[in-house]
Amino acid sequence: MPALDKDFTVPSASRRSFLSLSAAASAALALRVVTEPMLARARVKNVPVDAVRIDANENPLGPCAAAREAVAAIAPQGGRYLDNLTDDLVKQISAMEGVKTDCIAVQAGSTELLHHAVCAFTSPQRSYVTADPGFEAGMSIAPGMGARVVKVPLTKSYAHDVKAMLAAAPDAGLFYVCNPNNPTGTLTSHADIEYLVENKPKGSVVMVDEAYIHFSDATSVVDLVKADKDVIVLRTFSKTFGMAGLRCGFAMARQELLEKMYAYGGGNFMPITAMVAASASLKDAQLVPERKRINAQVRGEVFAWLDRNGYSYIPSQSNCFMLDTKGPAKAAIDAMAKQKVYIGRIWPVMPTYSRITVGTAAEMEQFQAAWQKVMTGAVTASVGAIPNAGELGKRKRNLDGIVIRA
Ligand SMILES: Cc1ncc(COP(=O)(O)O)c(C=O)c1O
C-alpha cells in the first residue's frame, strides 16, 4: 500500500475510499496524466491576483484576435457536438504540413497523446528513454506500464545526446526527444534526430515533441513522418498560439502507429471552442512570425540584463530558460514568491537552477527587480522540505484529487 504524502491532508472519507481501492483502480491511478501545470504548481496555493506567473511556460498573449472572435461566434452552438470542426482542422493541418489526414490525431492538448504513446510503445521489456533534464510527463507514466525509465544527460551544448541514448537502452521501446527541450530551451539538430531514427533498436519508436518549435529556429522532423519512419511528431496550440486553457494538440505519425496509440484513448469529441480557435489561429499567417519575434525580443532583453548584472543562465531558443540560482533553487523561488513573482520549477539533476518562463516585457521587468533583491540578499527565504519535480513524477492523484505517493 502506498504511503500517504505528508504534504497533503486527506479528509477521512477520502482516506477510506482510497484504502478500499481495488487493484485495478490502483493500476489506473498509476497511469494518470501528469501535466505541465500540475508539475509547475504542485506547491503553489493562494496566488495573489496581481502576481507575475512565469512558472508554467504559458503564453501571456493568449489566443490571437481571430481565435477569440471565433470562440465567441461559436458559443451559441455549444449545445452541438459539431465533429465536422475537427475534420476541418485536420484537413487544414494536413494541407499546411503535407501529412495525410489519417496520419494526424487531434486531442485536447498534446499531453494526452504523449501519454498514449508511452502506453503503446513501452512495457516491462521495452524501456522509455528521455533526456535529463527533460519534460517529465512521459517518465511519470512509463513505470505504470512496468517500463524502465532511462534518463540520459544532455550534451555539453544541452542537446539530446542521441548516441548515449542509443547506448543506454538496447531495449528501448520509445525515445522521447523534446525540441526545443523543456526546460532548457536548447535545440537538437535534425541530423542527430535522424541518426537516432536510423540507429534505434528494431521495433522502437522516436517521439519528437515540438511543443515549443515555433519559438525557435529548429528544423521540424515532420519530413521523417512523411517518409514513413517510426517517428511521432507532437505539436500543441498551448504555447506559441496561446491556447493552453482552450486545449488543442495533435500528433503526426504513420497511421499504424496512431492506431496503437488509439488503443489507450482518443476519439472523443473535441471542444468546439478549441477547434475554431485552432483553425482561426492557423489561418493567421502573421501569428507565428510575430509571436516568435516578440518572445525573442523579450527573452533577448532579459538575457542582456542578466549579462550586464553578472547572472548566469543557459541561453535558450524557447519561451523558457534555466537560471542559475547560485544555491538551492528552492530558496530563490520562495524569495521570488514573497515578491509576488512566481518562477520555477526545479529539476533534481540541476538543483541550483530554476526554470523561468518568458512573460511580457512588463512582467520581466518585475522579474528583474525581484531577482536583483534576491541575489543581493535584500529578500530571502528559508529552504523547507519540498516535493521536487522528480518526486512529483512518482505521485498520482486519486479520484478526489488527493496526491499520493505511488
Ligand atoms: C514539452 C511539452 N510537451 C507537451 C506539453 C503539453 O501541452 P498541452 O497538453 O497543453 O498541449 C507541454 C506543456 O507544457 C510541454 O512542455
Under the Karplus curve 6.51 cos²θ - 1.76 cosθ + 1.60, θ = phi - 60°, whole-Hz ³J(HN,Hα) for segment 62-79, x wherever Gly or Pro sits: x, x, 5, 4, 5, 5, 4, 5, 5, 4, 5, 5, 8, 3, x, 8, x, x
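Whole number please: convex hull volume per residue of the Cα set in segment 28-94, in Å³?
It is 215 Å³ per residue.
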Global form of segment 101-156, assessed from the alpha-carbon gyration tensor, a/c cut-off 1.5: oblate
Reduced Cα scattering model of segment 262-320, Debye log10 I(q)/I(0), q = 0.27 Å⁻¹: -1.06
Among the listed pairs Lys91/Lys226; Lys45/Lys330; Lys163/Lys202; Lys100/Lys229; Lys239/Lys326, those beyond 19 Å (Cα-Cα): Lys239/Lys326
DSSP-defined antiparallel bridges as percent of all bridges, the chain, nearest 5: 50
Convex hull projection area averaged over all views, segment 129-248, Cα basis, nm²: 7.5
Mean Cα-pair separation over length for the chain, i.e. relative contact order, pairs under 8 Å, 6 or more apart, %: 23
Ranked Lys91, Lys229, criterion: other C-beta atoms within 10 Å, fewest first: Lys91, Lys229
From phi via Karplus (6.51, -1.76, 1.60), per-residue ³J(HN,Hα) for segment 205-217 in Hz, x at Gly/Pro: 10, 10, 9, 10, 8, 9, 4, 10, 4, 6, 7, 10, 9
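Stick to Cα atoms and the Kirkwood definition of Rh, then tell me Rg/Rh for segment 76-191. Display every interim value, and only then the final one.
Values: Rg = 17.2 Å, Rh = 16.0 Å.
Using Cα coordinates only, the ratio equals 1.07.
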Cα-derived Rg over Rh, computed across segment 221-286 with Rh taken as Kirkwood radius: 1.01
Segment 33-99 versus segment 181-216: alpha-carbon centroid distance in Å: 24
Kirkwood Rh in Å, taken over the chain so that all alpha-carbon pairs contribute: 22.0
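By count of other Cβ within 10 Å, fewest leading, how are Lys283, Lys373 ordered? Kindly include the intermediate steps, with their values, before the conclusion.
Numbers: Lys283 13, Lys373 17.
The fewest-first ordering by Cβ neighbours comes to Lys283, Lys373.
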Isotropic mean projected area of the C-alpha convex hull, segment 286-335 (nm²): 4.0
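Classify segment 314-373 as rounded, prolate or oblate, taking a ≥ b ≥ c as the square roots of the eigenvalues of its Cα gyration tensor: rounded when a/c is under 1.5, otherwise prolate if a/b is larger than b/c and oblate if not.
Taking the square roots of the gyration eigenvalues as a ≥ b ≥ c, segment 314-373 is oblate.
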Neighbour-count order for Asp83, Asp171, fewest beta carbons within 10 angstrom listed first: Asp83, Asp171
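Since every read-out is calculated from the coordinates, none of them should be taken as a lab result. As the structure is a computational prediction, the values presented were derived from the model and not from experiment. Cβ atoms come from the backbone with ideal geometry, glycine included; neighbour counts cover every protein chain shown.
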